[in-house]
Amino acid sequence: MKALVVREILRCILTTSYSNRHIARLERVAANTVRRYRIKAKEKGLDWQAINILSDDALYAALNSTRTNAEDKRQPDWAYIHKLMQAKHQTLIQLWEEYRRIDTNDAYSYSQFTHYYRQYIGQIDISMRQIHYAGECVYVDYAGKTIPWIDSQTGEEHKAQIFVATMGCSQYTFAWASRSQKIEDWIDAHNRMFIFFNGVPAAVVPDNLKSAVTSAGKFPRLNRIYVELARHYDSVIEPARVRKPQDKSLAEIGVLLVTRWITIILRRRKFFNVAEINEAIPELLEKLNNRPFKRMEGCRRSRFVELDKPLLQPLPEQTFEYAQWISAQKVPSDYHIYVLGQAYSVPYQYVGQKVEARVSHKSITLFHQNSKIASHVRIYEQGGVSTDNSHRPASHKAYAKQSKEYFLGWARKINTNVLAVISAQFKGRPEYSITGCRSCSQLQQLAAQYGSERFSSACQCACEIQSLTVSSVRSILQCKLDTPSDTPVQANLPLHYNVRGAQYYQDGGA
């Protein structure tokens, strides 16, 4: 079972009051699996916050034990068995004995036989009138009929898609015009829907459009960003089954009402952008929600205020931000991965590991096994690089900070003589000169070796003799020319006939 499914099962267990069977139907797993995870989470005292920060490997190690797969069993003809069960006095155990008599080695046990039979009859198409509880579900879909708008610059006609959301209990309806049915518009419409309701229902029931379900069928796979939106709002996504209109009957009713009372009216007007359409929708939507019911008292708005609104979950402090997931890629030796043409750093410890990127409009967040390991402000310059210094190893940090400005700042903290020697290393060279940085690095090593006081004196001597090189400073320190000598120096020599003086040599030695 994939880690994403396990996390959703645990989130439903720990944050909702759903039964094991309800959660099992949502995640397309067995109810016993949900029960086992519920027991393990209780035994280990886990909560959703603790589970959410675990990596995939840690989550599997904490909750799962490896076991071998059972041998394949012979599948009964469930349709034939169910047909026989319609006869009076027919028992399931008698049919199981006939099934088992064929070959006992590959037959199900009686408990397995009854389990799979109940599972089969649960899938039979039986229609019934649905009961919608207050604050439980909202049904969402796009209307089939669009509203045209004309680009004022090009004159080209476009079609706005109409997003419709209907509360299950009150049938309170929301409508919003989107440029397309793409995932970014789908997420934006949901954000506006929750703001319109000023709360969050327990579950959202969408149709199987690509923005919601990436892989439809018996075991649908939800869009990853859509799952994140559900987590952000602490709600659950329950997609309708394929070709099962009864699963989203209220969505169809909402689409029909919006088409009749909003779309058809607005299609007679001329719009020049989607924003103008969304400015015109609220007035008509208000009239729709205030229309009295024919078969019961009140209207959609009054029932919403009375029934749904008190049971909605509160909105989070921040609106969900749309993001795009970039498939996992291995971190190279330079600990930078490329995301949409730009390079972003990750901690060097993850070199050789696979990392996923979540790209929003403002930021880039990097994940390893569902754990956040780095975050960067998004850059749009093609070929740009964003490097967090904390991601570098110690040797790279030391090398990265080497520049003319860095060494000059270090020298200013000591004195002007040191500043003069450091400046001389970059004379006629660029700010990031490798030769200049290497010379300054050697001077820093001399300062560390001999102490800042002697190093400062050595730089003063180098300035006095106008030899501002590393070799001169090193020679002064090695020969201790920076320190005063203990041997007394005679200031003036006494007069003596052996002391000839300069004049003697100027006269040619006479």
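In terms of surrounding Cβ atoms within a 10 Å radius of their Cβ, Ile162, Ile121, Ile253 rank from fewest to most as Ile121, Ile253, Ile162. Amide H contacts under 5 Å for Ala30: none, restricted to partners 5 or more places along the chain or on a different chain, H placed in the peptide plane at 1.01 Å from N. Remark on Asp388: its backbone amide H falls under 5 Å from those of Ser345, a criterion applied only to residues 5 or more positions apart or on other chains, H modelled at 1.01 Å from N.
Do any trypsin sites (Lys or Arg not before Pro) in region 78-118 lie in a DSSP loop with no more than 11 other beta carbon atoms within 10 Å, and if so, which? Here the trypsin sites (Lys or Arg not before Pro) that fit, given the DSSP loop and packing criteria, are Lys88.
Packing-wise, with mean Cβ within 10 Å as the measure, how do 185-193, 23-31 rank, highest first?
Sorting 185-193, 23-31 by mean packing, highest first, produces 185-193, 23-31.
Placing +1 on each Lys and Arg Cβ and -1 on each Asp and Glu Cβ, with no other charges, gives the chain a dipole about its Cα centre of roughly 1340 debye.
Could you list Glu156, Glu252 in order of exposure, starting from the residue whose Cβ has the fewest other Cβ atoms within 10 Å?
Working: Glu156 9, Glu252 16.
With the sparsest Cβ surroundings first, the list reads Glu156, Glu252.
Placing unit charges on the Cβ atoms of the charged side chains and taking the dipole of region 253-407 about its Cα centre, the candidate lying farthest along the positive direction among Ala394, Leu315, Pro282 is Pro282.
I need the shape label for region 137-311. Rule: rounded when a/c is under 1.5, else prolate if a/b > b/c, else oblate, with a, b, c from the alpha carbon gyration tensor. Since a/c reaches 1.5 but b/c is at least a/b, the shape of region 137-311 is classed as oblate.
With a simple spin-label model that places each label point 7 Å from the Cα along the Cα-to-Cβ direction, the separation between Arg224 and Ser475 comes to 6.4 nm.
Quickly estimate the mean residue ellipticity at 222 nm for the chain, helices only: each DSSP H run with n ≥ 4 gives -39500 (n - 2.57), and the total goes over all residues, rounded to 500.
Counting only the DSSP helices, I get -12000 deg cm²/dmol.
How many angstrom lie between the C-alpha centres of region 328-349 and region 40-57? Value for the Cα centre distance between the two parts: 29 Å. Say R0 is 35 Å: what FRET efficiency, to the nearest 0.05, do Ser55 and Asn105 get from their beta-carbon distance? Working from the Cβ atoms, E equals 0.25.
The phi-based Karplus calculation (6.51 cos²θ - 1.76 cosθ + 1.60; θ = phi - 60°) puts the 3J(HN,Hα) values of region 419-424 at 4, 5, 5, 5, 4, 5 Hz, whole numbers, x for Gly and Pro. The stretch between Glu98 and Asp151, if pulled fully straight at 0.36 nm per residue, gains 11.9 nm over its current Cα-Cα span. Listed by chain and number, the lysines whose C-alpha is less than 21 Å from the C-alpha of Lys159, apart from same-chain residues fewer than 8 away, are Lys145, Lys182, Lys210, Lys270.
3J(HN,Hα) along region 8-21, derived from phi through the Karplus expression 6.51 cos²θ - 1.76 cosθ + 1.60 where θ = phi - 60°, amounts to 5, 4, 5, 5, 5, 5, 8, 10, 10, 9, 5, 6, 4, 5 Hz, with x in place of Gly and Pro. In the chain, the longest principal axis of the Cα atoms and the axis of helix 183-197 are about 70 degrees apart. Sites listed here are GluC sites (Glu not before Pro) in region 257-362 whose DSSP assignment is loop and whose Cβ has at most 10 other Cβ atoms within 10 Å: Glu297, Glu317.
Shape verdict for region 193-283, please, from the Cα gyration tensor: rounded (a/c under 1.5), prolate (a/b greater than b/c) or oblate.
Values: a/c = 2.06, a/b = 1.60, b/c = 1.29.
It comes out prolate by the Cα gyration axes.
Start at zero, step by 10 Å, and the Cα-Cα distances of the chain spread as 3, 12, 16, 16, 14, 10, 8, 7, 5, 3, 2, 2, 1, 0, 0, 0 percent across the bins. The C-alpha atoms of the chain define a longest principal axis, and helix 31-44 lies at about 40 degrees to it.
May I ask you to sort Tyr399, Tyr37 by Cβ crowding, counting other Cβ atoms within 10 Å and putting the fewest first? Please report the intermediate quantities before stating the final value.
Working: Tyr399 12, Tyr37 23.
Ranking Tyr399, Tyr37 by Cβ neighbours within 10 Å, fewest first, gives Tyr399, Tyr37.
Against the main long axis of the alpha-carbon atoms of the chain, helix 92-102 sits at an angle near 70°. Taking amide H as placed 1.01 Å from N in the peptide plane, the amide H of Ala160 sits under 5 Å from that of Ile147, Trp149, each at least 5 places away or on another chain.
Phi angles across region 173-182 convert, under the Karplus curve 6.51 cos²θ - 1.76 cosθ + 1.60 with θ = phi - 60°, into 3J(HN,Hα) values of 10, 10, 9, 8, 8, 10, 5, 7, 9, 5 Hz, Gly and Pro given as x.
Coordinate-derived values only; no laboratory data. Since the structure is predicted, the reported quantities are computational estimates derived from the model, not experimental observations. Glycine gets a Cβ as well: all are built from the backbone with ideal geometry, and neighbour counts include every protein chain shown.
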